[in-house]
Amino acid sequence: MPSKWIEIASPEVAACEVAAEALRLRVQCVDEMLPLATYQYKSDIEHIHRLRVACRRADAALKAFRPLLGEKSTPLRKWVRRIRRAAGPARDFDVLLARMEKSHHDDPNRTYLMARLIRQRAEAQRALLKVEAKSQS
């Protein structure tokens, strides 16, 4: 994942060049994290977290450079927002499941809750799969 800061070589660099580079880096990160979060989430739940961070950073860059981009940014903003909204519930369920796994109660209610959270997490992943499939087409 790239740094959260964008390096500018010189103060003489045109704003449109800075905007283009910042957006390229931010969108590239979202594009790289999306397949990882979609297909390799079981190996590392941090993929979902990193995807959400990448989406927030891309959205912030799009907002910051909106005067330079105008309406050109709308499809990109929608794409980033769609991914972020799909990844949000998945990350929330990952955090809940991690907390529940740390508790060592052999309560039947806990067992039921864990099973339900796992099912809901799978549903959230299907939503992310749909977004990823749509972005590939």
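With all protein chains present, how much of the accessible area of the chain (probe radius 1.4 Å) comes from carbon and sulfur, to the nearest whole percent? Don't jump to the answer; show the numbers that get you there.
Values: 4930 of 8850 Å².
C and S atoms contribute 56 percent here.
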What pairs in 42/102; 4/78; 42/72; 102/134 have C-alpha atoms more than 25 Å from each other?
42/72; 102/134
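Under the rule a/c < 1.5 gives rounded, and otherwise a/b versus b/c splits prolate from oblate, where does the stretch 2-85 land using the Cα gyration tensor? Mind showing how you got there, number by number?
Details: a/c = 3.14, a/b = 1.69, b/c = 1.86.
It comes out oblate by the Cα gyration axes.
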Reachable aspartates and glutamates from residue 63, criterion Cα separation under 14 angstrom, eight or more residues apart if same chain:
71
Largest fluctuation, 29, 16, 55 only, Gaussian network model of the chain with Cα springs under 10 angstrom, belongs to 16
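What trypsin sites (Lys or Arg not before Pro) in the stretch 37-137 are in a loop by DSSP, with at most 11 other Cβ atoms within 10 Å of the Cβ?
42
The values are calculated or read from the model by the stated rules, or taken from the named source; none is laboratory data. Everything numeric here is computed off the predicted structure, so don't read it as measured data. We place every Cβ from the backbone using ideal geometry, glycine too, and count neighbours over all the protein chains shown. With ligands, DNA and RNA removed, areas are computed over all heavy atoms of the protein, side chains included. Shrake-Rupley method; radii C 1.70, N 1.55, O 1.52, S 1.80 Å.
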